[in-house]
Structures are given as structure tokens and as C-alpha cells.
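A.B. asks: Handing you this structure, nothing more for now.
Only the coordinates and a few stated rules stand behind these numbers; no lab work does. Worth saying up front: this structure is predicted, and the values here are computed from it rather than measured. We place every Cβ from the backbone using ideal geometry, glycine too, and count neighbours over all the protein chains shown.
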Amino acid sequence: MRRGAWEDYQKDIADDKYYYARSCIRQNFFPGSEKAFLNIVGRDLGREVFDDPLHTSCTGIGYHSDIVPYETIMTVVARQFSLMHEAGFENFISSCITSFGIYTEILNTWEEFPETEEKTRESLYKATKRELYKPKNLAHTSDVIFHLRDEIKQRMKYPLVNHLTGEKLRVVEHIGCHYAKIFPKRGIGGSEFPYVLAGMIESWGGDVVDYPERRHCCGFGFRNYLVQANRGYSIANSHKKLESMAPYRPDFIVCNCPGCTMFLDKWQYTIAEMEGTTYGEAGQGIPVLTYEEMAGLVLGYDPWELGMQMHAVNVEPLLNKMGVEYDPAAKYLGPNGKYIGKPLQSVVNSSRGNTSLYDIKK
Amino acid sequence: MIMQTDVVVVGGGVAGIKAACELCQAGSKCVLVERDSVLGGKLRGWHKLFPSFTSSSDVIEELLNELKQSNVECLLGSEVVYISSTLCRLASGTEIQCRAVILATGYNLFDARIKEEYGYGIYDNVITSVDLERMFHTGTISTLSGAAPEKVAILHCVGSRDEKVCQRHCSKVCCITAVKQAIEIKKMLPNSEVFNFYMDMRMFGPGYEELYLTAQKQYNVHFIRGRISEAAQLPKGRLQIKAEDTLTARPLIMSVDMLVLMVGMKAPKQNALFALATGLELQPSGFISSKDLFLEAVLTSVPGIFVAGTVTAPKTIGESISEATMASRAALKFIEG
Amino acid sequence: MAVKNFGFSISRPRTIDMDKNNLRKSNEILRELPELQACIGCGSCTASCSAGLLTQFNFRKMHTLVRRGEYEGVYKELSKCMLCGKCRMVCPRNINTRKVVLLIKRTLGDF
């Protein structure tokens, strides 16, 4: 296979001075990732990132579940943009693919239909007495990490390589539907041969696995997951992807989108509990990482500081492969050293009975 | 350098060669301008022609023989940079003054890489209909690893009837080409399985429907009504394809050793340049408009400029050659006043 | 292993998987009646079908499914055919549709 197709899809990514919009759900499911982004980009690489406590949810989940009308979400988004302007920033970065898709869709709507923009401007003023200012540059936070991947490489402590065998790690990447399927030109590499995560993987020494269902949706589908009766076909989509990638023996999965990261991780738990099927080496599941967690590991961050104890699939097999130094006993200790509780034993993690090793209660 | 002639024929494919021959045989002076260093156009890349499996080199040879016996002045390797009904300027600076022009500049092949979802140029065993003809020419059909494919999928309408790639028109000849190629594969590899994925089967010519029936009944070629939505590479260079089997209303998935993309005909960009310089009208597809579809198909909106072959729309070899005869007659009539 | 109940199960794909389907029976049918492959999916048979008028029975779809190796339930469906022969009269490809019904049922057995 010959690569290179992604080079047709480039986009401008601002180099500094970012206004940071957080995701609604990531702080619950992958709680260290956004903090890691701020540390990597802000502290390590010296960029200015403004983490504004005033911004709200973009209401994207409500929008995609037919609860929030388009007019409303446009006004919410307009408010975020004007907050950015008030804070003195022009480069808007979003930590969520759903949000990124929505910001992109709305900016395009305003461009195509100026009268809609005018209406939003009015709604925004009526609701908040704020003026609308559009960002000069819009990017997803993974675009920023992609943009800075070589600077990260210069500080790399653990490459994406099996430190025992010297082999490159095989990495499955999943960019999330709303990153590039709606506006392929707004995503690095487009939607068929996306390069935003693949670029990081290759830059940091890993190999990208190009498996048949690479482009398939994780199955979130908003209302398809939110309604319990519909979850059967939400999980079926992740199942299809896992079945398709399994023969390639990936060492881990890295995701772009909050929802995909959660589903590819937690559905592995569910599939194992329902059917006893586990994927990955020795049936221990395939660890699922956010790109910040991947960047964090590469830079030598402590996995528990990155929040990786919150994953459904244990990450220890990956950490051991990479040769990451970590304290197994500290897994379930919070930042203040206090025990945070630990999950019950699950099928997806029990193939080698690893869980008892870390049972710090004893 | 300045040359003088009666008629300039632009394009040395089958239509251009035939038009030039006809003009000379009628006693008129004619210059044939071809961008390439050889005559014969796209047909040179083809092995056999539908529906009769006539060797394309026989057709070219016949036309070139006719050309040899005529007194046509051929300018090979000559790119036309400006054209009007009385003047043709070449990239070399040569100017040909004339009394009429026949445009037989043909078409371009659709670049299959644009349909990214099929992975042409990326996956090893995704090839185009043109690549397959090249294989027929060498006498072996093989995957990149050198093995004979056991399962082949042929996808119709790549770069045709597709607004996503600005190709709304039907390229007309691909359906029958796909039937022909499927049969040729089965003839060479009788144990292989061939699946044609189509949206409509447009068997518009004499003997075409019969060939389609032969492919179905005699060669056991499978026809599945549905457009492949994406291809992905499997280990060992195999490919997974997805389509809907629309006649059962179910999604369908299968792996194949080779995927053949039936690339359509695209109007060359130069059509727009010609149109800008001369006032020729273009169709939305980018092909040049005939003056009238029924009575003056080889005339254009500009007096003195005539058209033959696929410069106006996708056509078969036979149609292009017949049109060349008509265009040369119309041009002669024009210069004789 | 105790199977947990989550209140839903993993939906099974409706996809026709041509790699998994066994086409042996299908090929057997086509060898005996190659003309079946000439079907162009016009639907005249289904339009004129006396059984299809009253039930979900769709002859065109059934034999297409068989040709893709999807046999399940076909025997039962084809049993709805009244063998009136109208479909054979209207078929533009001159396929012996009555024979198709009988041949599929005989080859598949009670699949």
C-alpha cells in the first residue's frame, strides 16, 4: 500500500494563542486528558492556551438527539465565539469532535447563508447583549497536537515501540465521523485516509493499522445510544470494528472523539460480559487511548496522572510493552494519595488474572 | 513559420485520422495536428473492441493505411495553443492559416484517484479498465503478487453519473466495456468468479444486449445492482468491498483479489479554452455543444468549426469514425461555399 | 461465565456476507438452469404474482437471495407460490420461473 493521499488535505492550524473549549463528557470518562493537553501545549511547549470557565457545552449532544434546535445551538456557539473575543483570542480550539463538527457546520452555514448569521447575531444580542465575532482559525485540539508533533518528538521519552523487541507498535486510529465526514476538507488527510492521528503515530515511531472497517462509525449515534432499547445496534458497530481490527493484532487504539474513545473502550467490557469475547493479546482487551494520553505517555507523563486508571480495558500491558515506568500500586490512588475505589473484576481484564496483582486493599 | 491549408484537423485519434483521410480523398488540402508523437489516440491503449472482440490494432492499422495513401500532412508532437475557424497556432510558434477546422480532440480519462474511497493508487490490486486492457495486451491477468485473481469485482460508473466529482453525465461505453472485459477475464481464467456492480445496464448498441446475455448465461458473470461504496485493503493485497444488493435490499460485503474501476470519459480542460477563444458553446458536462443534435450534429455554434468523435460526448469507436466522415463532408461543403 | 443482562443485546448484521455464504447449492441450481442468471430484476414476475398480491412473497427477491447464498426461509417462502405460471408468461428474459420455484425447493430441501 502506498500512502500520501492525505497530503491533498491540509489545513491552517494556528501556532499559538488558543481559546480552549472543553468537551462535556471527557472530564468524566478520560479525566486526565484535557489537563494533559493544557500541560503539554501550555507548559511543555510554551503556547498560550486560555481555559475559560465561562464557556458552556456547545449542546451538540442535544442537537444530535433532536432536543436542541439549530437556531438555539447557533446562538450558543455564537456566545462561545464572543467569549473568545472578549478574552482577546482569535484561534478557537475545541476538545470534542462533535463540537468541532458543529462549529464547522455553523461557520459554513453562516458563510453560505448570511441572513442566518444575521439572525444569530440578533438572537445573541437579545439573549446576552453580546456581539458576534467569528474566529480567525478553528481547529480541533488533535489538530494542534498534530501541528506540534515534531516538537513533542524532540522531547520524546518513550517512543511507540515495544522496548523488549524493538518492534514498532501497531496502532489503530479512529478519527470520529464528525471530524471529516461532514467537511472532509476541514480534516487533515480528509475522511478516507485521515492523517491527524496517523501523523502523530508515525512521528512517534508507531505503525498505523489500516484495517477494513477503519472508516466505520463507532456506533455512538447519539439517540441510538441514549435510548437503552437502541443500544444493540450502537454496540454492534463497535463490535464490527473490533472484529475487523482483531486479526491485525493492534497494540492499542487511539481515538479523536470523546464518544468514540468511550465506546471503543467500554463496549469491550460489555461485549466481554455479554458474550465472553475479548480482543487483544492474551484476551486482555485492546487498550483505548485519547491522543493526549498517547502524547503524554510518549513524553513520559505518569499514566495515573493521565487518568488511565479510569479505562475499562486495563492499560498495563501497553505500558509494559512501551517500558513506561509506573507504580502499579498507585493506580487507584487519587492526586492526594487517597484511595479512589476500584472497579469490580471484569471479563475483559481477567484473562491473566492481572487484577489481583494491583489489589492494593490487601 | 506560417503554413496554409484548406482544413486543419485537430487530434490524431480515430476520428481525426478518418476526417483527414476523407478530406484528402475529396481533393482538399489538410493538415492533421496531434499532440502525441504517434497517431491513434486512446484506442492504442485498448486490446479488443466490444461487442465483436475486434482487435483494436486492426482498426488503427486500417486507418493508418488509409492515411498513408492520402496526402495528409501530419504534424506530430504539436500542441495547439490557439484556434479559430481560420487560424491554428501551435506551441512551437507555427501558424496554420486555413478555411475550416475540424475538432477531433476527444476526451480525457477520469482520474480514478479522485474517488478516494476505492483507493486507486493506494491499494495494490485496485486497477482501472485501462490497466486491465493493458493486461489483456500482455496476455496475463495478475495481481501485484503475480497470482491469477480468483475473484474479480468490476465497478461500473467510476467518474460517471456522479455529481460528487462533477461528472453528471453517463460515459455510455463503460457498461458494455465492463461486459466485454468480464467475458475476457472468464475466457482467460475460466475458474475465476467475476462480479459486476452496476447501477443501470445501458446496452444501447447492436449486439450489446446479446453480449450481456452471453455474459450472464454462458460465462456465469454475476451482475449485482448496486454501487460499491468503499474498498479497503485486506492482508495479502486482497480487498474488501461493500455495496448494497439493491434487488434484495440488503447490504453486501465480499472480499476480492482484484477490483476493476470502469473509468468514465471526462471533458478535457482545453475545451473550455477553445470555447473562450472561439465562442464555441459548451455543455454543462464540459463537452462541446453541437449546433443541432439531429440535423447538424457535426456543426458547432461557430461557422467553420466542425466536430467529430468524443469532443462532443462519449461515443463508441464506430460512431466516432462515422462522425468523422460526416464532419469532413460538412467542412468541404463549407469551404466550397 | 455468568452472562450479564444489560437490557439489550448486540444486533446481528443484515449484511449478505459473500465470503461466509456457501454458494454450492446456488451454483448447482444455476448449472441446471443457467437462464436464471439472465434475470434483469424487472419485477414483472412479482407484479403479476397471485401469491404476492396477498402476502409478502416476492419471487424476484427470493431467487436473488438464493443466488447470493442466502437460503434461510426461502423454502417456506417459495411454498406460497401457487404455480399458476403467470410469471413465466410475463418474463421478458424468458426464464422458466415455474421451474425455478420447483428447482430451488428441490435443491435446498427444507432449508
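A.B. asks: Give the relative contact order (percent, whole number) for the stretch A:149-358; include only Cα pairs under 8 Å separated by 6+ residues.
C.D. replies: About 22 percent, as a whole number.
A.B. asks: Also: C:K99: which lysines have alpha carbons under 20 Å from its alpha carbon, excluding same-chain residues fewer than 8 sequence positions away?
C.D. replies: B:K217, C:K25, C:K61, C:K76, C:K80, C:K86
A.B. asks: Let me ask you something else. From a point 7 Å beyond the Cα of A:E305 in the direction of its Cβ, which residues of the stretch A:144-182 have a backbone N at a distance under 16 Å?
C.D. replies: A:155-158
A.B. asks: Could you give each residue of the stretch A:62-69 its phi-based ³J(HN,Hα) in whole Hz, using Karplus coefficients 6.51, -1.76, 1.60 with θ = phi - 60°, and x for Gly or Pro?
C.D. replies: Result, rounded to whole Hz: x, 4, 6, 9, 6, 9, 9, x.
A.B. asks: Which value at 222 nm does chain B reach when only helices count, each DSSP H run of 4 or more adding -39,500 (n - 2.57), with the total divided by all residues and rounded to the nearest 500 deg cm²/dmol?
C.D. replies: -8500 deg cm²/dmol
A.B. asks: Here is a further query. If I model chain C as equal point scatterers sitting on the Cα atoms and use the Debye formula, what is log10 I(q)/I(0) at q = 0.10, 0.16, 0.17 Å⁻¹?
C.D. replies: Values, matching the q order: -0.34, -0.72, -0.80.
A.B. asks: Does the stretch B:112-265 come out rounded, prolate or oblate, given a ≥ b ≥ c as the square roots of the eigenvalues of its C-alpha gyration tensor, rounded meaning a/c under 1.5 and, failing that, prolate meaning a/b above b/c?
C.D. replies: rounded
A.B. asks: For C:L23, A:L164, B:L155, what ranking results if the residue with the fewest other Cβ atoms within 10 Å of its Cβ goes first?
C.D. replies: Values: C:L23 16, A:L164 10, B:L155 28.
Fewest to most other Cβ atoms nearby, the residues stand as A:L164, C:L23, B:L155.
A.B. asks: Write down the percent of antiparallel bridges among all DSSP beta bridges whose residues are both part of chain A, to the nearest 5.
C.D. replies: Percent antiparallel among DSSP bridges in chain A is about 10.
A.B. asks: Roughly what angle does helix B:56-69 make with the longest principal axis of chain B, taking Cα atoms, 0 to 90 degrees, to the nearest 10?
C.D. replies: It is inclined by approximately 10 degrees.
A.B. asks: For chain B, what relative contact order do you get, as a whole percent, if you take Cα pairs closer than 8 Å and at least 6 residues apart?
C.D. replies: Relative contact order, chain B: 21 percent.
A.B. asks: So if each residue of separation counts as 0.36 nm, and I subtract the Cα-Cα distance between A:T109 and A:D16, what length gain in nm does that give?
C.D. replies: Working it through step by step, the gained length comes to 30.8 nm.
A.B. asks: Provide the packing ranking of C:96-104, C:46-54, i.e. peptides ordered by the mean count of other C-beta atoms within 10 Å per residue, highest first. Show your work: numbers first, answer last.
C.D. replies: Values: C:96-104: 19.7, C:46-54: 16.3.
With the highest mean Cβ count within 10 Å placed first, the list reads C:96-104, C:46-54.
A.B. asks: Taking only the alpha-carbon positions of the stretch A:258-300 and ignoring solvent, what does the Debye formula give for the base-10 log of I(q)/I(0) at q = 0.18, 0.21, 0.22, 0.28 Å⁻¹?
C.D. replies: Reported log10 I(q)/I(0), two decimals: -0.58, -0.72, -0.76, -0.94.
A.B. asks: Give me B:M326, B:M258 ranked fewest to most by other Cβ atoms within 10 Å of their Cβ, as a rough exposure proxy.
C.D. replies: On the way: B:M326 18, B:M258 29.
Ranking B:M326, B:M258 by Cβ neighbours within 10 Å, fewest first, gives B:M326, B:M258.
A.B. asks: Let me ask another. Counting only complete DSSP H runs, which helices of chain A cover 18 Å or more along their long axis at the Cα atoms and score a mean Kyte-Doolittle of 0.0 or above?
C.D. replies: Answer set is A:70-86, A:97-112.
A.B. asks: Could you list A:D16, A:D143, A:D207 in order of exposure, starting from the residue whose Cβ has the fewest other Cβ atoms within 10 Å?
C.D. replies: Going from sparsest to densest Cβ surroundings: A:D16, A:D207, A:D143.
A.B. asks: OK, next. Which whole number gives the average count of other chain Cβ atoms within 10 Å of the Cβ atoms across peptide B:228-240?
C.D. replies: Per-residue shielding by partner chains comes out at 3.
A.B. asks: Hey, another quick one. Just for the Cα atoms in the protein assembly as shown, what are the lengths along the principal axes, largest first, rounded to whole Å?
C.D. replies: Result, largest extent first: 104, 73, 59 Å.
A.B. asks: Averaged across the residues of B:241-251, what count of C-beta atoms belonging to other chains lies within 10 Å of each residue's C-beta?
C.D. replies: Taking the mean over all residues of the peptide, I get 6.
A.B. asks: Just grab the label-to-label distance for C:N21 and A:I340, each label 7 Å out from Cα along the Cβ direction, in nm (one decimal).
C.D. replies: Taking the simple label geometry, C:N21 and A:I340 are separated by 5.0 nm.
A.B. asks: C:F6: net charge of surrounding residues, Cβ under 15 Å, Lys/Arg +1, Asp/Glu -1, itself excluded?
C.D. replies: So the environment of C:F6 carries a net charge of +1.
A.B. asks: How large is the helix-only mean residue ellipticity at 222 nm for chain C, computed as the sum of -39500 (n - 2.57) over DSSP H runs with n ≥ 4, divided by its residue count, in deg cm²/dmol to the nearest 500?
C.D. replies: The helix-only estimate for chain C comes to -10500 deg cm²/dmol at 222 nm.
A.B. asks: Something else about it: Could you tell me which GluC sites (Glu not before Pro) in the stretch B:129-176 are loop residues by DSSP with no more than 13 other beta carbons within 10 angstrom of their beta carbon?
C.D. replies: Answer by residue number: there is no such site.
A.B. asks: I've got another one for you. For helix C:97-108, what angle does its Cα long axis make with the longest principal axis of chain C, in degrees from 0 to 90 and rounded to 10?
C.D. replies: 40 degrees
A.B. asks: Please figure out what share of the DSSP beta bridges in the stretch A:149-358 is antiparallel and state it in percent, rounded to the nearest 5.
C.D. replies: Around 20 percent of the beta bridges assigned by DSSP in the stretch A:149-358 are antiparallel ones.
A.B. asks: Given the peptides B:267-276, B:294-303, arrange them by the average over their residues of other C-beta atoms within 10 Å, most packed first.
C.D. replies: Ranking, from highest mean packing down: B:267-276, B:294-303.
A.B. asks: Please give the FRET efficiency for B:L273 paired with B:S52, using the beta carbon to beta carbon distance and R0 = 41 Å, rounded to the nearest 0.05. It would help to have the intermediate numbers written out before the result.
C.D. replies: Working: r = 37 Å, r/R0 = 0.90.
After rounding to 0.05, the efficiency reads 0.65.
A.B. asks: Any aspartates and glutamates with Cα under 12 Å of the A:K321 Cα? List them, leaving off those in the same chain fewer than 8 positions away.
C.D. replies: A:E167, A:D251, A:E281
A.B. asks: From the square roots a ≥ b ≥ c of the eigenvalues of the alpha-carbon gyration tensor of the stretch B:195-337, which class results: rounded (a/c under 1.5), prolate (a/b over b/c), or oblate? List each step's numbers first, then the result.
C.D. replies: Numbers: a/c = 3.29, a/b = 2.14, b/c = 1.54.
Taking the square roots of the gyration eigenvalues as a ≥ b ≥ c, the stretch B:195-337 is prolate.
A.B. asks: Still on this structure, please answer the following. Which of B:M3, A:F222, A:G60 sits farthest toward the positive end of the charge dipole of the protein assembly as shown, with +1 on the Cβ of Lys and Arg and -1 on the Cβ of Asp and Glu?
C.D. replies: The Cα lying farthest towards the positive end belongs to A:F222.
A.B. asks: Same structure again: Just to be sure I understand: of the beta bridges DSSP finds with both ends in the protein assembly as shown, what percent are antiparallel, rounded to 5? Before the final figure, lay out the partial values.
C.D. replies: Details: 26 of 82 bridges.
For the protein assembly as shown, the DSSP antiparallel bridge percentage is about 30.
A.B. asks: Obtain the nm distance between the two label points defined at B:A26 and B:A147 by a simple spin-label model: each point lies 7 Å from its Cα along the Cα-to-C-beta direction.
C.D. replies: 5.8 nm
A.B. asks: Still on this structure: Whose amide H sits under 5 Å from the amide H of B:I102, counting only residues 5 or more places off or on another chain, with H placed in the peptide plane?
C.D. replies: Counting only residues 5 or more places away or on other chains, the set is B:V8, B:V9, B:V10, B:F306.
A.B. asks: I would also like to ask the following. Within the stretch C:1-36, which residues have the backbone N less than 18 Å from the label spot 7 Å out from C:Q56 along Cα→beta-carbon, could you tell me?
C.D. replies: Hits in the stretch C:1-36 for C:Q56 at 18 Å: C:12-16.
A.B. asks: In square nanometres and to one decimal, what's the mean projected area of the convex hull around the Cα atoms of chain A?
C.D. replies: One quarter of the hull surface, i.e. the mean projection, equals 18.4 nm².
A.B. asks: Excluding same-chain residues fewer than 8 positions from C:K4, which lysines have a Cα within less than 28 Å of its Cα?
C.D. replies: Counting by Cα, and skipping residues close in sequence, C:K4 has these lysines nearby: A:K240, A:K241, A:K266, A:K331, A:K342, A:K361, A:K362.
A.B. asks: Roughly how large, in nm² to one decimal, is the mean projection of the convex hull of the alpha-carbon atoms in chain B?
C.D. replies: 17.4 nm²
A.B. asks: Let me ask something else about it. In peptide B:213-224, how many Cβ atoms from other protein chains are near each Cβ within 10 Å, on average? Spell out each step's value before the answer.
C.D. replies: Values: counts 5, 1, 2, 9, 7, 2, 2, 5, 1, 6, 5, 5.
Taking the mean over all residues of the peptide, I get 4.
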